[in-house]
Amino acid sequence: MPASSPRPRFALETTLRSSITYEHAKLARENGFRVFMRFIALDTVEHHIQRVKRRAARGGHSASESTLRRVHASSLSNLRVALEPDRSGIEIIRIYDNTAAETRPRLILAARLGNVVSLADPFPQWLAEALGWSHRDLENHRRKLIGRGQR
């Protein structure tokens, strides 16, 4: 692809319940696509279940509680790979907390090529747990951001 040509674009929505998303992302990146992920979640599986029930009551699609619990757990367990571009194929990731109803999702983490470039303060415990970050890990990421003049 000539350097002056714009990169091809497409969008994909997924629950991230399996590694197939990363297989597709790596393939896309190998073929000249720039891979950007927006991950949007709520703080607890119970909040997810309540949202789906409200959506279903308004005529939207639904899922069983057991399915929602399974998808939520696998989605969060697959999330940490997204921060590893060699494994995930993802160049840029932005993670949002959408717990507060009727408001815009809050950006809580942004990373580029595996390097954290933005962290929310306060940083949600559910995301620290999903990423396997201890309090010390979080503080190390904050120090690196301060050292680079970022927040």
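The values are calculated or read from the model by the stated rules, or taken from the named source; none is laboratory data. Keep in mind the model is a prediction, meaning the values are calculated, not measured. Using ideal geometry, Cβ is built from the backbone for each residue, glycine included, and neighbour counts are taken over all protein chains shown. Accessible surface is based on the protein model in full, side chains and every heavy atom, while ligands, DNA and RNA are left aside. Shrake-Rupley method; radii C 1.70, N 1.55, O 1.52, S 1.80 Å.
The criterion of being of a type in the set (Lys, Arg), outside any loop (DSSP other than H, G, I, E, B) and modelled with pLDDT under 95 holds for ARG51. Of all residues in the stretch 85-95, those satisfying the criterion of being closer than 17 Å to LEU16 by Cβ and open to solvent by 40 Å² or more (accessible area, probe 1.4 Å) are ARG87, ARG94. Given the criteria hydroxyl-bearing (Ser, Thr, Tyr) and under 19 Å from ASN115 (Cα atoms), does SER62 qualify? In short, no.
Kindly indicate the residue of the stretch 69-104 that is polar (S, T, N, Q) and in contact (Cβ under 8 Å) with a residue 40 or more places away in the chain and also nearest to HIS47 (Cα to Cα) among those meeting that condition. Per the criteria, the residue is THR99. Contact annotation: residue pairs with Cβ atoms under 6 Å, 6 or more positions apart or on different chains, pairing a residue in the stretch 26-55 that is closer than 22 Å to LEU109 by Cβ with a partner that is acidic (Asp, Glu) and surrounded by 13 or more Cβ atoms within 10 Å (Cβ to Cβ), are ARG34/GLU91; VAL35/GLU91. Residues of the stretch 114-129 that are touching a strand residue (DSSP E or B) at 6+ places or on another chain (Cβ under 8 Å) and either at pLDDT below 95 or farther than 16 Å from PHE36 by Cα (or both): LEU119, ALA120, PHE123, PRO124, TRP126, LEU127.
So, in the stretch 86-112, of the ones that are assigned to a loop (DSSP other than H, G, I, E, B) and of a type in the set (D, E, K, R), which residue ends up nearest to the chain's Cα centre (by Cα)? Applying the filter and picking the extreme gives GLU91.
Within the stretch 63-85, being in contact with a Lys or Arg (Cβ under 9 Å, 6 or more places away or on another chain), within 20 Å of LEU12 (Cα to Cα) and either part of a loop (DSSP other than H, G, I, E, B) or among the charged types (D, E, K, R) (or both) holds for no residue. Please work out if GLY32 is open to solvent by 60 Å² or more (accessible area, probe 1.4 Å) and on the phi > 0 side of the Ramachandran plot. In short, no.
Test GLY132 against the criterion of being surrounded by fewer than 17 Cβ atoms within 10 Å (Cβ to Cβ) and either of a type in the set (D, E, K, R) or modelled with pLDDT under 95 (or both), and give yes or no. Spelling it out, it is not the case that GLY132 is surrounded by fewer than 17 Cβ atoms within 10 Å (Cβ to Cβ) and either of a type in the set (D, E, K, R) or modelled with pLDDT under 95 (or both). Can you tell me which residues in the stretch 135-151 are surrounded by 11 or more Cβ atoms within 10 Å (Cβ to Cβ), among the basic types (Lys, Arg) and closer than 26 Å to SER77 by Cβ? Scanning the stretch 135-151 gives ARG142, LYS144.
Yes or no: ALA100 touching a strand residue (DSSP E or B) at 6+ places or on another chain (Cβ under 9 Å) and open to solvent by less than 20 Å² (accessible area, probe 1.4 Å)? No: the conditions fail for ALA100.
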